[in-house]
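Notes follow the structure.
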Amino acid sequence: MSNNQQPSSTIYKENVDHEYDGDIVLKTEHLTKVFDSLAGKITALSDINLEIKKGEFVSIMGPSGCGKSTLLNIIGALDKPTFGKVFINGFDIFTLTDSEIATMRNRLIGFVFQSYNLVNRSTVIKNVKLPAIIAGMSQSEADFRAMKILQALGIADKAKQKTINLSGGQQQRVAIARCLVNNPAIILADEPTGNLDTKTGADIFDMLKILSQKFGRTVLMVTHNPELAESTNRTIMMRDGKIEKETVN
Ligand SMILES: Nc1ncnc2c1ncn2[C@@H]1O[C@H](COP(=O)(O)OP(=O)(O)O)[C@@H](O)[C@H]1O
Ligand SMILES: [Mg+2]
């Protein structure tokens, strides 16, 4: 690809400036991950090829251990593939240096985990604005953006509270607010409702759905709940590190 001739930082800068106006936000090519463990080699992902369009809400299902988290972690550059490529906004992310990858992740990827991963001794607003501060935004602008998002998600009244004092559902709302603060290209949610009761889980799911339908966000979500999966645009079924089938819902 001609891109390879340019210094990666240049290409990267163009990408974080959100100049990309293509249709495909995420593409993987022959994505493969082999873990070396005491028990030998484990092929967690084997030749995963997928494309996700801007604004799509895609769910991933499959039995425990089939590679769902590994797939999300590699797409979000928390881990590297053994083989294959990940393109975000048309850009081959693993051509970046490690520090560029960290910056890219902060700007372009919104992660939501089952376990919220908030800074518990910090306040809601500080958690939400942290990725914006890391990205170089001023405190006042980050405060403004974080408050706007908290208002939109219905938890502005919790802004000054420590996250540890919130319910699970409220903490997951904070995590979603945090993942939105840098206006990411894609939201990766790994069993975001997995620790929540049915009603609260449904609320969190509805929030992701609204983000997709009303605000054009691109969301890739792992879930064990077939009803939630059916309510997304498309479901990818995985088994043994492979895509078994895809269903348009
Ligand atoms: N860091 C790791 N080291 C070794 N094996 C791993 C590691 N992470 C995941 N695996 C293995 O890779 C496979 C896929 O795991 P994972 O992606 O977590 O599955 P899922 O999220 O679908 O439950 C499993 O066999 C798991 O044990
Ligand atoms: Mg998992």
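Where both partners of a DSSP beta bridge lie in segment 176-249, what percent of those bridges are antiparallel, to the nearest 5? Don't skip to the end; give the middle numbers.
Values: 6 of 10 bridges.
Given both bridge residues lie in segment 176-249, the antiparallel proportion sits at roughly 60 percent.
Here the chain carries DSSP beta bridges of which approximately 60% are antiparallel, counting only pairs with both residues inside. For the chain, a simple Cβ point-charge model (Lys and Arg +1, Asp and Glu -1, everything else neutral) yields a dipole of about 720 debye relative to the Cα centre.
Spatially, segment 175-227 and segment 50-66 are offset by 12 Å when compared through their Cα centroids. Think of the chain as a dipole: +1 on every Lys or Arg Cβ, -1 on every Asp or Glu Cβ, centred on the Cα centre; then among 186, 247, 25, 186 lies furthest on the positive end. Normalised by the number of residues in the chain, the average gap of Cα pairs under 8 Å and 6 or more apart makes the relative contact order 27 percent.
Normalised radius of gyration (Cα atoms, divided by 2.2 N^0.38 Å) for segment 142-235: 1.06.
Result for the chain in a Gaussian network model with C-alpha springs under 10 Å: among 152, 202, 185, the largest mean-square fluctuation is at 152.
Based on the mean of other Cβ atoms within 10 Å per residue, sort peptides 54-63, 110-119 so the most packed one is first. Before the final figure, lay out the partial values.
Working: 54-63: 20.7, 110-119: 19.0.
Highest mean packing first, the order is 54-63, 110-119.
For the Cα trace of segment 2-248, dividing Rg by the Kirkwood Rh returns an Rg/Rh value of 0.96.
Values in this text are rule-based calculations from the coordinates and carry no lab data. Only a predicted model underlies this, so the values are computations on that prediction, with no experimental measurement involved. Every residue, glycine as well, gets a Cβ built from its backbone with ideal geometry; the counts of neighbours run over all protein chains shown.
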